[in-house]
1. Against the definition (out of contact with any strand residue (DSSP E or B) (no Cβ under 7 Å at 6 or more places or on another chain) and either loosely packed, with under 12 Cβ neighbours inside 10 Å or not small (G, A, S) (or both)), how does L58 come out, yes or no?
2. Only one of E120, E177 is among the acidic types (D, E), open to solvent by 30 Å² or more (accessible area, probe 1.4 Å) and modelled with pLDDT of 95 or more. Can you tell me which?
3. What number goes with the only condition from (1) at positive phi; (2) at pLDDT 95 or above that H33 does not pass?
4. Tally up the residues in the stretch 107-119 that are within 11 Å of the chain's Cα centre (by Cα) and either more than 17 Å from F155 (Cβ to Cβ) or within 8 Å of ligand 1 (Cβ to nearest atom) (or both), please.
5. Tell me, please, whether a residue that is away from ligand 1 (no atom under 15 Å from the Cβ), touching a residue at least 12 places away in the same chain (Cβ under 8 Å) and open to solvent by less than 60 Å² (accessible area, probe 1.4 Å) can be found in the stretch 143-161.
6. Which one of T52, T75, T99 is among the hydroxyl-bearing types (S, T, Y), exposed (fewer than 14 other Cβ atoms within 10 Å of the Cβ), free of Cβ contacts under 8 Å to residues at least 60 places away in the same chain and under 21 Å from A130 (Cβ atoms)?
7. From E65, E57, which residue is part of a strand (DSSP E or B) and away from ligand 1 (no atom under 16 Å from the Cβ)?
8. Which one of these does R82 not meet: (1) of a type outside the set (F, W, Y); (2) surrounded by 15 or more Cβ atoms within 10 Å (Cβ to Cβ); (3) within 14 Å of the chain's Cα centre (by Cα)?
Amino acid sequence: MNNNSTTNNIPRLPPGQHKTKKFPVLQKGRIAHINREAYKLQIEGEIEYPRTFSLDELNKLKDKEILTDIHCVTTWSKFDTRWGGLSFIKLLDLVKPRTTANFVEFYCADKGFTTTVPIERIQVDNALLALTYEGIPIDDKHGGPVRVVIPDLYFYKSAKWLAKITFLEKDRLGYWERRGYSNKADPWKEQRYRSND
Ligand SMILES: Nc1nc2c(c(=O)[nH]1)N[C@H]1C(S)=C(S)[C@@H](COP(=O)(O)O)O[C@H]1N2
Ligand SMILES: [Mo]
């Protein structure tokens, strides 16, 4: 097998990607600096129990740590990143989505960055509201105090500086998606551009 394969022959590098050891910092504008004491995560929309969570509350609910590869649409992939936080499986159990909750929109503190995924994309074992990176609280540049991590999709679906989650019946295009990036964003299918969706 080639370099894209591990010893057990499961490919790890999606098509068109290259491996990096660095951890690039990417966002549409400036790095946001969130006051951790005053932080509130708002959860609303098509759910039975709309509510907000403080950072303390989220930390107490922490139930998950994952070791995963991440893939950016600009073609870098980083292997073996370790994130800890609250699994979406557990969050969904707390807020109880209605049958009309088909999509989930993430709204962020950097002046309204948004991205949306079908609810099935967070009903998986490796999707989480991340609070730690490599065992310590996520720093400002990588989206702390709370960011989304959905390793199965290109990293622009992993919203940094998360402020609000809205459960939606109908899809809404996010910031990069309106600018031409794929709304599906599966790196294994190389879904980079919306023109190919
Ligand atoms: N709030 C917010 N989240 C964001 C972005 C952004 O501009 N704002 N950019 C996305 C993009 S394009 C990428 S590749 C990743 C980068 O995360 P990193 O800086 O931790 O590598 O964040 C994603 N989440
Ligand atoms: Mo990106």
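1. No, not satisfied.
2. On inspection, the qualifying residue turns out to be E120.
3. For H33, the exception is condition (1).
4. 1
5. Residues of the stretch 143-161 away from ligand 1 (no atom under 15 Å from the Cβ): none.
Looking for residues that are away from ligand 1 (no atom under 15 Å from the Cβ), touching a residue at least 12 places away in the same chain (Cβ under 8 Å) and open to solvent by less than 60 Å² (accessible area, probe 1.4 Å), one finds none in the stretch 143-161, hence no.
6. Within the list T52, T75, T99, the selection yields T52.
7. Among E65, E57, only E65 is part of a strand (DSSP E or B) and away from ligand 1 (no atom under 16 Å from the Cβ).
8. Failed condition: (2).
The values are calculated or read from the model by the stated rules, or taken from the named source; none is laboratory data. Predicted, not measured: the structure shown is a model, and the values here were computed from it. Note: ideal-geometry Cβ built from the backbone for every residue, glycine included; neighbour counts use all protein chains shown. These accessible areas exclude ligands, DNA and RNA; they are computed on the full protein's heavy atoms, side chains included. Shrake-Rupley method; radii C 1.70, N 1.55, O 1.52, S 1.80 Å.
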